[in-house]
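Asker: Supplied in C-alpha cells, the structure appears directly below.
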Amino acid sequence: MNDIMNTDIQFLKGVGKARAAYFKKLGVNTVGELLYTFPRYYEDWKNTVSLRECATEEKVCVKAVVSYRPSVFKTPGGKIITKLSATDGESVVFMTFFGNKYVAEQLEEGEEYLFYGKLSGGVGGHYEMNSPKYCPVEGNEYYHGVYPLTAGISSKIISSAIKNALELFGDSIPDPISGETVSKYGLCPLNKALELIHFPKNEEELRAARRRLIYEELLVLQLGMLRSAVSLERANVYDVDAGPAGEFFSILPFSPTNAQKRSVKECLEDMGSGKPMRRLLQGDVGSGKTAVAAALIYCTAKSGYQSALMAPTEVLARQHFKTFSEFFEDTGVTVALLTGSTKAKEKKNILAALKTGEISLLIGTHAVITENVTFKNLALCVTDEQHRFGVTQRSALSSKGTNPHVLVMSATPIPRTLSLIIYGDLSISVLDEKPAGRQDIDTFAVPSSYHARIHAFIKKQLDEGRQGYIVCPLVEEKEDENDDEETINRRLSAKRYMKELSEGIFKDYPTALLHGKLGPKEKDAVMSDFASGKIKLLICTTVIEVGIDVPNANIIVIENAECFGLSQLHQLRGRTGRGKEKSYCILISDAEGENARRRFEIMKQTNDGFKIAEEDLAIRGPGDFFGSRQSGLPSMKIANLMTDSKIMYAAGRDAKKIVEEDPGLILPKNSGLRKSVETLFANIS
C-alpha cells in the first residue's frame, strides 16, 4: 500500500513533471492523494435528451453528430475561435469555442459526441452552445465529476489521471478495513469504492461508494482521536474534597445558576471517584464557565493540591489571572501568571514556588507546558477554548502531573456530533442557563452604504453614556503580499479605520485602537481604559473575541462580516449584552455569496450558540469549524458530521473496540489503519 499510494504523481501516464507541478498546487503529490481527491459535484452525462426536449438556458447533455469540419478563425488580437454545427437527427445546434486550439483536431466531421453545456436559442429548431465540454460517446455515459481546480488543471485532466491510476494500480490497492467489517456493513471494497466515486453510472453506485468512503474516513478520524486520548482506566491519587464548594459559592459576588451548581457537582463527583475526571464544560458566551472552574480549583487547593489553567492567548490568560485573583482574594489560594513575556527573574521565582507547592494555581499560555515547568502535585488541569490547542498540546499539560483531573472548557458551543469525536472519552457538562442580567442582542446585516446611518446610531449610544466596538478583519493595510488592490480597498484595516474615524466623525469621542500586534502592556492599558469608561469607542480586531467583559458596551459593529465564520461572529457579538441596556450587533458586508447570506440570516434569527454551532458545522465541516488547524482536526474529504451521524456512531463503536484490543495499532491486521491515521493527521500538530 505504501509503495502504491506514495508513488509520485509525475510518473503516471499523462501527468509528467510539468503537470505534476500544477497538481501539487492542489495538494496532490502522490497517487494516494489523487485517488482521494473526490469530485465537488457531478454533471449528468448519462441522461441525454434530444435538442427539442431540452430546456433552454440550462446545462444539458446532448448526443449529436458533427455536421461539418470545424472552422477556425483568429481575432485581430490573436485569439482562436472555432465554430461548428452538430445535429441529433431532428434539430441543429451551432457551437462556438473560444481559445481552444484543439477542437478542430478532436472533433471530426460525421462522428457522434456527447456535448455538455448551457443551451440557448431554439427558434426554427436552431440552437446554440458556447464552449461546451465534449467527449466521445462510447464509455463516457456516466456522471462526470467536477473537481477542485487550479490554473493549468481541468476536471478532464484530473479525471484522466485518476482513470490511469485505477487501471494501473486498482487491483493492487490493499484495503485498510478488514473483510469482516466490509461484510458486516455490506460495504464495497476500497478499489471498487474509488472507481465508483469517480465514475458512477447511477445514483446507486454513487451511494455505495460514498457509504464505504464515509465509514472509512470516520473510522480513521476517531481512531486518531482515541489514540491521542488519555485512558480513563488509570488510577488517580488526587481525591478532591467536595465540601469547600459551598464555601466558595458563599464568597462569590453573585448567585450561581442552577446549571453552574449542577456542573460543579458533576465534576466533583468525578474527582472523588478514584479515577481521573475527564470532562468537557460547554457553555454559550457569558454562561459562567469561569466560576465553575474556580469552584473546582478552590476545592483542589483546599484539598492540598495544585491546579493549572492554560489559555490560547496572552490577553485571555491575563484576564483569567485578574478574575481568579479577585475570586481567591483572602482565601489562601495563591495564583501566578506565566506567559511568553514573563520576565526572567519573575519566571524563575514562579518555577521555584511551583516546585515547593506555594502556588495553588498557575495560569498561562503555552508557556505552562514548557519542559522546565514542574509542579509539586498537579491534580487539576483546565484548558480554556480547548479547540485552539493541537492534539499534542492537549496531552502535554496533563503530563505535568500523575493522571490529573482534566476539565476542558469551550465558549464556542460544539455540536454533539463533533464533541463526540474531539472529546469522545470525556463526560459533558452543559451550562444551559444565562446568568441574571444577560439578554438577547438585536442583530442586523446591512451593506456598506449604511455607514453614515450606523455611525449616527453609534454616536447616539455614546451620547447616552454607553460604549461600543468596531471590529475590522485586518490590522495592517496589507497583511498578505498576494492581496490585490481590490481586496485591500474592500477590507477595512483597524489602523486605517482608526485614523479615519478618530480624525473624522468620532473626533470628539475618546477612541482607541486594539489589535494582536500590540505588546501586552499596551493591550492591558487599552483594555483597562475601555473597561473604566475612559475610552468610549474601541476600533479593534478579533483580539476582543475572548477576554473582555465590559457591561457598559452595548453595541458592536463588524466590518467585512463575510470574513468571519459563524461561530466567530457569535463570539464577537457576545462582547455586548452583558449589562442592563439594550444591545445591538450590526454586520456590515457587501458580499453576495450564498454562504455569507446564510450566515447573516442565522445570526439575525437566533442568539442560541448551540444552534449557531450546528449551522456552522454544516456549512464549514469539522476541520474548518474553528477557523484554523489548531483544532487538531483534519479536514473531511467526504464525510459530513451533520448528515452522516449514523455512520459516525457505528465507526466510533468499531474504533473503540480496535483501540481496546490494539492501542498502538501495531498488529499486522491494523497496519493499514495505522498508516491511514498517520496520513490523515500528518499536518495536524
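Asker: Suppose we keep only residues that are buried (at least 20 other Cβ atoms within 10 Å of the Cβ) and part of a loop (DSSP other than H, G, I, E, B) within the range 376-389. Which one would you say is modelled with the lowest pLDDT?
Answerer: The selected residue is Phe389.
Asker: Cβ-Cβ distance below 8 Å, separation of 6 or more or different chains: which pairs start in the range 62-79 with a residue that is assigned by TED's automatic domain parsing to the domain that holds Glu112 and loosely packed, with under 12 Cβ neighbours inside 10 Å and end on one that is acidic (Asp, Glu) and in a loop (DSSP other than H, G, I, E, B)?
Answerer: Cβ pairs passing all conditions: Tyr68/Glu109.
Asker: Name every residue in the range 529-574 that is in a loop (DSSP other than H, G, I, E, B) and within 23 Å of the chain's Cα centre (by Cα), in order of residue number. Explain how you work it out, then say what you get.
Answerer: Applying the first criterion (in a loop (DSSP other than H, G, I, E, B)) to the range 529-574 yields 533-536, 541, 546-552, 559-560, 564-565, 574.
Matches in the range 529-574: Thr541, Val546, Gly547, Glu559, Asn560, Phe564, Gly565, Gly574.
Asker: Test Lys79 against the stated conditions and say whether it is more than 45 Å from the chain's Cα centre (by Cα) and farther than 17 Å from Cys135 by Cβ. Let's see the steps before the verdict.
Answerer: Details: more than 45 Å from the chain's Cα centre (by Cα): no; farther than 17 Å from Cys135 by Cβ: yes.
Against the criterion (more than 45 Å from the chain's Cα centre (by Cα) and farther than 17 Å from Cys135 by Cβ), Lys79 does not qualify.
Asker: With Val103, Val92 as the choices, which residue is surrounded by 13 or more Cβ atoms within 10 Å (Cβ to Cβ) and closer than 26 Å to Val146 by Cα?
Answerer: Details: Val92 fails: closer than 26 Å to Val146 by Cα.
Step by step, each of Val103, Val92 is checked, and only Val103 is surrounded by 13 or more Cβ atoms within 10 Å (Cβ to Cβ) and closer than 26 Å to Val146 by Cα.
Asker: Which residues, counting only those in the range 483-528, are part of a loop (DSSP other than H, G, I, E, B) and modelled with pLDDT under 75? Break it down stepwise before answering.
Answerer: Going through the range 483-528, the residues part of a loop (DSSP other than H, G, I, E, B) turn out to be 483-484, 491-492, 503-510, 515-519.
Residues satisfying the conditions are Asp483, Asp484, Arg491, Leu492.
Asker: Would you mind telling me which numbered condition in (1) within 16 Å of Gly465 (Cα to Cα); (2) crowded, with 20+ Cβ neighbours inside 10 Å Ser567 fails?
Answerer: (1)
Asker: Here is a follow-up. Among the residues of the range 338-374, which ones are in a loop (DSSP other than H, G, I, E, B), at pLDDT below 95 and of a type outside the set (Gly, Ala, Ser)?
Answerer: Thr339, Thr342, Lys343, Thr365, Thr370, Glu371, Asn372, Val373, Thr374
Asker: Still on this structure, I have one more. Would you mind finding the one in Lys192, Lys201 that is surrounded by fewer than 19 Cβ atoms within 10 Å (Cβ to Cβ) and assigned to a loop (DSSP other than H, G, I, E, B)?
Answerer: Result of the check over Lys192, Lys201: Lys201.
Asker: Which one is farthest from Lys118 (Cα to Cα) among residues in the range 1-43 that are among the charged types (D, E, K, R), surrounded by fewer than 16 Cβ atoms within 10 Å (Cβ to Cβ) and touching a residue at least 60 places away in the same chain (Cβ under 8 Å)?
Answerer: Filtering the range 1-43 for residues that are among the charged types (D, E, K, R), surrounded by fewer than 16 Cβ atoms within 10 Å (Cβ to Cβ) and touching a residue at least 60 places away in the same chain (Cβ under 8 Å), the one farthest from Lys118 (Cα to Cα) comes out as Lys13.
Asker: Pick from Ala55, Ala64, Ala20: which is in contact with a strand residue (DSSP E or B) (Cβ under 9 Å, 6 or more places away or on another chain) and under 19 Å from His144 (Cα atoms)?
Answerer: Details: Ala55 fails: under 19 Å from His144 (Cα atoms); Ala20 fails: under 19 Å from His144 (Cα atoms).
Criteria check complete, one pass: Ala64.
Asker: While we're on this one: Might you check whether a residue that is without any contact (Cβ under 8 Å) to a residue 12 or more places away in the chain and surrounded by fewer than 22 Cβ atoms within 10 Å (Cβ to Cβ) occurs anywhere in the range 362-374?
Answerer: Yes, the conditions are met somewhere in the range 362-374.
Asker: Let me ask something additional. Give the residue, chosen from Val264, Val182, Val237, that is surrounded by fewer than 19 Cβ atoms within 10 Å (Cβ to Cβ) and under 30 Å from Val292 (Cβ atoms). Give the derivation first.
Answerer: Values: Val264 fails: surrounded by fewer than 19 Cβ atoms within 10 Å (Cβ to Cβ); Val182 fails: under 30 Å from Val292 (Cβ atoms).
Going through Val264, Val182, Val237 in turn, the sole match is Val237.
Asker: Still on this structure, I have one more. Condition (residue is without any contact (Cβ under 8 Å) to a residue 60 or more places away in the chain, among the charged types (D, E, K, R) and closer than 23 Å to Lys499 by Cα) applied to the range 547-561: is it met by at least one residue?
Answerer: Checking the range 547-561: not a single residue is without any contact (Cβ under 8 Å) to a residue 60 or more places away in the chain, among the charged types (D, E, K, R) and closer than 23 Å to Lys499 by Cα.
Asker: Within the range 579-617, how many residues are farther than 24 Å from Val430 by Cα, among the polar types (S, T, N, Q) and at pLDDT 85 or above?
Answerer: Number of matching residues: 2.
The values are calculated or read from the model by the stated rules, or taken from the named source; none is laboratory data. It should be emphasised that the depicted structure is a prediction, and the values quoted were computed from it without experimental measurement. Because the Cβ atoms are built from the backbone with ideal geometry, glycine has one as well, and the counts that use them run over all protein chains shown.
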